[in-house]
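The values are calculated or read from the model by the stated rules, or taken from the named source; none is laboratory data. Every value quoted in this text rests on a predicted model; they were computed, and no experiment measured them. Here Cβ is always computed from backbone atoms with ideal geometry, including for glycine, and neighbour counts include all displayed protein chains. Areas reflect the complete protein model, heavy atoms only, side chains present, ligands, DNA and RNA absent. Shrake-Rupley method; radii C 1.70, N 1.55, O 1.52, S 1.80 Å.
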Amino acid sequence: MTTLYQEHIAVLTNRYEDAMVHFGLDAIVLASGEKSYYFQDDHTHPFQAYSGAQQWLPFTIGAETYILLQTGKKPTLVWPVRDDFWHAPNPIPSGDWQQDWDVSLARKTDKWFTALPKNVAWLGPQPMTFAVPCEGLKAYVDFAKAVKTPFEIQAMRQANLRGATGHMAAKEAFLAGMSELEIHLAFLQASQQTAAQEPYPGIVGLNEHSAVLHYEHKAIEKMANSRTLLIDAGANEHGYASDITRTFVRHDDDFSALVNDLDTMEQKLCRSAMAGVSFRDLHKDTLAGIATLLHDHKICTLGVEEQLAKRIPQVFFPHGLGHLLGLQVHDVGGHQVDQAGTLSLPNDDAPFLRLTKTLEKDMVITIEPGLYFIPMLLDKMQADIKDHGCDMTRIQQFMPYGGIRIEDNVVVKNDLPENLTREAFTNIS
């Protein structure tokens, strides 16, 4: 991991030195950010560092941490020191990583920035007054973040292992009849994290709750007849996320057959995520795949082309196929097509698509098709789409199951992509 990290630092150094030349800068400061507080309270929100700062270090950083970059010099880490008897000490992590850094310890009152050169740009929240405005710098460096270094991919590989371990524990808790809260706790324990350490709030939905895309609750009560578990939850490694969704079922029935066929379709989409492929086209393929499932499972009598023309698949699959993944779960730059910050925004056919780029080698993306029975969208379909061809009686039979989503994390390659999530499940089984 040390060699991978050294290579990673070299890549980042080249990227930022190129940016400094391009914008005529003497230095760039990356700021992790400061803690924020709940209204009229002395309790802070869970802290997450600015991704541009976190990207440089092989451990999770806290508030008021700064990185100084200057051409031809080692990066400088300004590490916060506090005289504080209320909280645990915050020692700087030891390790070989330090050989690539100059480390400076600073108290909040220290003026560590007084010796900086004149033309210094700031990336991150709460810029200090010495920083010069630099329009376009953030877009310039964000564009490069989409392509991951081997160090970053290895971190997400480890995050997938921990996430997959959590998912298998959640499955066992579901089959044992546990509540949503108990299932989430089983996931957290097995993935070795607290809820505040999750890269995003885990979604744990039983039965009809599986049809709520971002279901926020964790019911305490056990369900007498839990048929379906949809769990969308990941883990962190060095700040890098895994983002995994699985749908588990209790019975071998028509709904489980639908889950199996969606799983087969999802794996085919993952294998198609190769360099040079338009993600918009993969999303279109997904809509056609959903139409095929609706027809094959006798949910809709219309053929694929007629369903697409009438936008029937979007009733059952209303979100986008996936997104970039990295230090942020919905990683930056999904619509950005060049260093200048030009955007390729989603169109009306896929308004919620978070990734519109052509895929490049070593991008890490999610592939997450879904098929849900959402009452609001089904009511709208019946009101707005004439001759929709959907068997509402059969749909009523599926509605108590909620919905399906299956999500893997995939490294784009020139040929066969690497599916980090499937590898993780294989390695823990």
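A few comments on the model shown:
- For the chain, averaging the sequence separation of C-alpha pairs within contact (under 8 Å, six or more residues apart) and dividing by the residue count gives a relative contact order of 16 percent.
- A convex hull fitted to the Cα coordinates of the stretch 1-155 yields 137 cubic angstrom per residue.
- A dipole drawn for the chain from +1 and -1 charges on Cβ atoms has a positive end, and of 395, 80, 214 the residue lying farthest that way is 80.
- Reciprocal mean inverse distance between Cα atoms of the stretch 1-56 - Kirkwood radius, Å: 13.9 Å
- Principal-axis tilt of helix 150-175 within the chain, Cα atoms, nearest 10 degrees: 40 degrees
- Taking the centroid of alpha carbons for each part, the stretch 367-429 and the stretch 240-282 are 8 Å apart.
- Long pairs among 111/138; 171/361; 35/108; 74/361; 35/218; 108/148, criterion Cα-Cα beyond 22 Å: 111/138; 171/361; 74/361; 35/218; 108/148
- Here the relative contact order of the stretch 250-330, from alpha carbon pairs under 8 Å that lie six or more residues apart, stands at 24 percent.
- Sulfur and carbon atoms: percent of accessible area, the stretch 68-157 [1.4 Å]: 57 percent
- Filtered GluC sites (Glu not before Pro), the stretch 205-244: DSSP coil and at most 14 other beta carbons within 10 Å: 216, 221
- Proximal lysines to residue 386, defined as alpha-carbon separation beneath 22 angstrom and excluding residues fewer than eight positions away on the same chain: 298, 310
- Whole-Å distance, taken between Cα centres, linking the stretch 148-162 and the stretch 82-104: 24 Å
- Ellipsoid semi-axes in whole angstrom, largest first, where each is sqrt(5λ) of the Cα gyration tensor of the stretch 188-343: 27, 26, 13
- Percent of Cα pairs in the stretch 111-183 per distance bin of 5 Å, from zero to the largest separation: 3, 11, 12, 10, 10, 9, 11, 10, 8, 7, 5, 3, 1.
- For the chain, size of Cβ-based charge dipole, Lys and Arg +1, Asp and Glu -1, in debye: 400 debye
- The three principal axes of the Cα atoms in the chain give end-to-end lengths of 73, 45, 44 Å, sorted in falling order.
- Taking the Cα centre of the stretch 52-133 as reference, the dipole from Cβ charges on Lys and Arg (+1) and Asp and Glu (-1) amounts to some 280 debye.
- Shown here for the stretch 124-185: chymotrypsin sites (Phe, Trp or Tyr not before Pro) in loop regions (DSSP other than H, G, I, E, B) with at most 16 other Cβ atoms within 10 Å, namely 130.
- Residue 73 accessible area, assembled protein chains, probe 1.4 Å, Å²: 120 Å²
- Only helices enter the 222 nm calculation for the chain: every DSSP H run of n ≥ 4 contributes -39,500 (n - 2.57), and dividing by all residues gives -10500 deg cm²/dmol, rounded to 500.
- Normalised per residue, the accessible area of the chain is 46 Å², obtained with a 1.4 Å probe and no contribution from ligands, DNA or RNA.
- Ranking by accessible area, most exposed first, for 81, 204 with a 1.4 Å probe: 81, 204
- The largest accessible area among 112, 86, 101 belongs to the first residue in 86, 112, 101, and the rest follow in falling order (1.4 Å probe, all chains).
- With the whole protein complex present, residue 23 retains an accessible surface near 60 Å², based on a 1.4 Å probe.
- Residue among 180, 368, 172 with the largest mean-square fluctuation in a Gaussian network model of the chain, springs linking Cα atoms under 10 Å: 172
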